[in-house]
Amino acid sequence: MSQNEVSYYVRTAEDVKKVIEHAKLSENDLKPNVQPIYFGETFENYKLLQLDEHILADLKCGQTVVFKGDHKESAVLCTKTKTYDVKEAETSNSILLLPELTFPDEKFNNTELTSRKIVGIFHKYLEVKPCKPRLSKLRNLLKNCSYKGSELEKEVLATCEMYTFEHLSAKIQASDNELKYALKEMGAFQIDGYWRVLDFEYECRALSFLLNLIDEQSWPYNTIPMDETLNILCELLPPVILQHIIDQYSTWCVSSNLSKTHRSLIEDKVCRFMAIGLLRPCDKFNLTDFKTAWQGSVPEGMVTNLKQLDGTVLVDQSSHPQTICYFNEQDLPDDILERFVCLFQVRNKWTFNEIQPFLEKLSTDKLNVNTLLAKYTRATTDVDGVRVYCSRYSSTT
């Protein structure tokens with residue numbers, strides 16, 4: 001048989017009946033949807049992508065999905081609300097791609113043979129798993145163009161790249177909803193359409209203007225008159241910065257008669273920021289001295305508590321005297337394995353309460369902190385009977 005005869009061979013109804021007979025089946029038990037399958041002349045360069053119910057629902061609604069990542073990053077897939085890690089998976093079975101293949105249907109009544117062409121054969125596909133957004137790059141990009149005061153703004157604009165939301169969405173491995181939430185969480189704001197963060201030293205100065213005013217006027221920290229505050233501080237801070245500081249560190253009073261005229265400082269946020277201001281300049285701080293200095297730095301009536309600093313500090317209770325140091329969760333890698341390596345380089349053993357704040361933001365519905373610890377650490381009990389977690393790898397212990 002010639003090559004042309006092989007290429008154009010078409011299976012007939014008689015051929016199908018013979019196959020059914022050889023298989024010892026009855027035509028009456030089969031649906032009339034018969035589709036002989038042939039290899040196409042050429043295969044298209046497709047890749048198969050696994051879809052979960054959320055991605056499929058988004059596509060059916062007309063929404064888009066986007067692959068994100070530069071050449072140094074592993075790819076992620078983003079919908080409007082979720083981020084997925086993308087890995088190439090292999091299957092031992094051959095997956096055949098037939099675009100027009102139909103499936104048996106009770107209403108299908110066509111007894112004619114309909115030929116279908118295979119346009120691809122696959123042994124690999126792209127597997128997706130929900131993951132946390134990767135935000136380290138976002139913090140670095142915005143830190144490079146941070147706002148340092150009106151006197152330095154001209155220089156910053158001339159030497160640093162600025163980013164709109166669209167620019168950030170194209171660069172950051174996060175869904176748009178996750179990106180908006182991250183910008184809010186990190187205290188970002190817009191100036192002329194570009195997203196910025198405050199330089200830490202400048203933020204200290206701007207917040208101190210507000211706290212000093214409250215102290216000078218003897219206002220309760222939870223009842224601050226806004227009109228008077230804005231009138232006084234507008235001479236010290238640009239309007240956009242003043243409004244940002246107020247929005248970041250205060251909220252409208254709950255009382256109905258004050259809900260539109262007075263604001264209350266957010267205690268945990270103010271206490272946290274003042275603690276960071278004390279700890280950043282030094283390697284370690286005597287814990288007792290720190291607690292005294294910290295309480296003295298916050299407005300009268302506020303109460304400081306180490307719980308306010310979860311994910312921001314490390315307390316060494318084994319040293320004499322006990323010490324505390326600045327150690328921010330945001331500075332750790334987004335990759336979970338790399339994060340564990342960093343944590344065990346800092347400390348050989350962690351209790352659950354110590355390590356939890358540094359893992360919580362990487363946990364998911366299916367991988368909570370306990371599951372992450374079970375997967376990446378080795379649990380033991382110390383001499384005091386306390387459960388502690390060590391590295392699985394001797395190189396980091």
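The values are calculated or read from the model by the stated rules, or taken from the named source; none is laboratory data. Keep in mind it's a predicted model, so treat the numbers as computed, not measured. As a convention, Cβ positions derive from the backbone with ideal geometry for all residues, glycine included, and neighbour counts pool all protein chains shown. Calculation scope for accessible area: heavy atoms of the full protein, side chains included, ligands and nucleic acids excluded. Shrake-Rupley method; radii C 1.70, N 1.55, O 1.52, S 1.80 Å.
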Cβ-based net charge around PRO299, under 15 Å, with every Lys or Arg adding one and every Asp or Glu removing one: -2
Cysteines in the chain that, by Cβ-Cβ distance, have no pairing candidate under 4.7 Å: CYS61, CYS78, CYS131, CYS204, CYS234, CYS253, CYS271, CYS282, CYS325, CYS342, CYS390
About the Cα centre, charge dipole magnitude for the chain (Lys/Arg +1, Asp/Glu -1 at Cβ), debye: 760 debye
Rounded tilt (10° steps) of 150-159 against the dominant C-alpha axis of the chain: 30 degrees
Pairwise centroid distance, computed over Cα atoms, of the range 123-194 with the range 235-305, Å: 25 Å
[x] 0.99; [y] 1.15; [z] 1.12, with the label sought being that of the calculated Rg/Rh (Cα atoms, Kirkwood Rh): [y]
Coil-residue GluC sites (Glu not before Pro) of the range 30-113, DSSP, other Cβ within 10 Å capped at 13: GLU41, GLU44, GLU73, GLU100, GLU106, GLU112
Nonlocal Lys pairs with alpha-carbon distance under 23 Å, the range 266-382 (8 or more apart, or different chains): 13
Segment LEU101-ASP85, extension gain: residue separation times 0.36 nm, minus the distance between their alpha carbons: 2.7 nm
Probe 1.4 Å, protein heavy atoms only - accessible area per residue of the range 181-315 in square angstrom: 53 Å²
Average accessible surface area per residue within the range 73-161, 1.4 Å rolling probe, Å²: 64 Å²
Convex hull of the range 62-219 built on C-alpha atoms - directionally averaged projected area, nm²: 17.5 nm²
Angle in degrees between helix 287-297 and the longest Cα principal axis of the chain, rounded to the nearest 10: 80 degrees
Filtered GluC sites (Glu not before Pro), the range 180-239: DSSP coil and at most 10 other beta carbons within 10 Å: GLU235
Farthest positive-ward along the chain dipole, Cα basis, beta-carbon charges - from THR159, ASN177, ILE95: ILE95
Rounded to 10°, Cα long-axis angle of helix 239-249 versus longest principal axis of the chain: 80 degrees
